[in-house]
1. Being more than 15 Å from the chain's Cα centre (by Cα) and in contact (Cβ under 8 Å) with a residue 12 or more places away in the chain is true for just one of Ile72, Ile35, Ile121, Ile80. Which residue is that?
2. Select, from Leu95, Leu101, Leu91, the only residue that is part of a helix (DSSP H, G or I), open to solvent by less than 30 Å² (accessible area, probe 1.4 Å) and modelled with pLDDT of 95 or more.
3. Could you check how many residues of the range 106-158 are among the small types (Gly, Ala, Ser), open to solvent by less than 50 Å² (accessible area, probe 1.4 Å) and modelled with pLDDT under 90?
4. Which residue pairs have Cβ atoms under 8 Å apart, sit 6 or more places apart or on different chains, and have a first residue in the range 87-108 that is polar (S, T, N, Q) and a second that is outside any helix (DSSP H, G or I)?
5. Would you pick out the residues in the range 55-83 that are at pLDDT below 90, farther than 28 Å from Trp127 by Cα and open to solvent by 60 Å² or more (accessible area, probe 1.4 Å)?
Amino acid sequence: MKAIVTFVITAAVGVIFDIVTKGIVFSQISEFDKITLIPGLINILQGKNNGVVFGMFPGRTSLFIVFSMVAIAIIIFIFIKSDKAHFISNLALGLVLAGALGNLWDRIRYGYVRDFIDLHIGNKFHWPTFNIADSLICVGVALMVFCSFAASKTKTVL
């Protein structure tokens, strides 16, 4: 039961945080303005991504909605079939689910994903604009990778 609570609360809080932050940014900053948080490193601005990762394959919103729904079903299936004994794994799957749901919400409601975090190092390196949902997915996947390496190392030692 604890595992289900961790998974569901993580997903719910993550989705709410993602949608609220997107709403704040898109209601408070005009389309062509930006707020510099850390000069030469982080800006907040409006970005509209009607593609997938890094804006690739733009204009296929219906396909991405279907893909997102399939991914969400797979995440839930993995959670249902998982061991559930490891808090970090339950948390990680909840984070990935939250990110997938947050971006799916945008695709259904707006026809694109709202991005707003502009990460760069001076003028030399510029990462594509992203959002909280993208961050939740990355952190969740990183935690899953970490857990899988930790588990395999433990099994090897035994």
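The values are calculated or read from the model by the stated rules, or taken from the named source; none is laboratory data. All values reported here derive from a predicted model rather than from experimental measurement. A quick note on method: Cβ atoms are made from the backbone with ideal geometry, for glycine too, and the neighbour counts reach across all protein chains shown. Accessible surface areas use protein heavy atoms only, side chains included; no ligands, DNA or RNA. Shrake-Rupley method; radii C 1.70, N 1.55, O 1.52, S 1.80 Å.
1. Numbers: Ile72 fails: more than 15 Å from the chain's Cα centre (by Cα); Ile35 fails: in contact (Cβ under 8 Å) with a residue 12 or more places away in the chain; Ile80 fails: in contact (Cβ under 8 Å) with a residue 12 or more places away in the chain.
Sole residue among the options that is more than 15 Å from the chain's Cα centre (by Cα) and in contact (Cβ under 8 Å) with a residue 12 or more places away in the chain: Ile121.
2. Criteria check complete, one pass: Leu95.
3. Of the residues in that region, 3 qualify.
4. Ser89/Ser82; Ser89/Asp83; Asn90/Ser82; Asn90/Lys84; Asn103/Val113; Asn103/Asn131
5. Scanning the range 55-83 gives a single hit, Asp83.
Here's the yes/no breakdown for (1) within 18 Å of Arg114 (Cβ to Cβ); (2) in a loop (DSSP other than H, G, I, E, B); (3) touching a Lys or Arg at 6+ places or on another chain (Cβ under 9 Å):
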{"site": "Lys22", "(1), (2), (3)": "yes, no, yes"}
{"site": "Phe32", "(1), (2), (3)": "yes, yes, no"}
{"site": "Ile35", "(1), (2), (3)": "yes, no, no"}
{"site": "Gly40", "(1), (2), (3)": "no, yes, no"}
{"site": "Asn43", "(1), (2), (3)": "yes, no, yes"}
{"site": "Gln46", "(1), (2), (3)": "yes, no, yes"}
{"site": "Gly51", "(1), (2), (3)": "yes, yes, yes"}
{"site": "Leu63", "(1), (2), (3)": "no, no, no"}
{"site": "Ile72", "(1), (2), (3)": "no, no, no"}
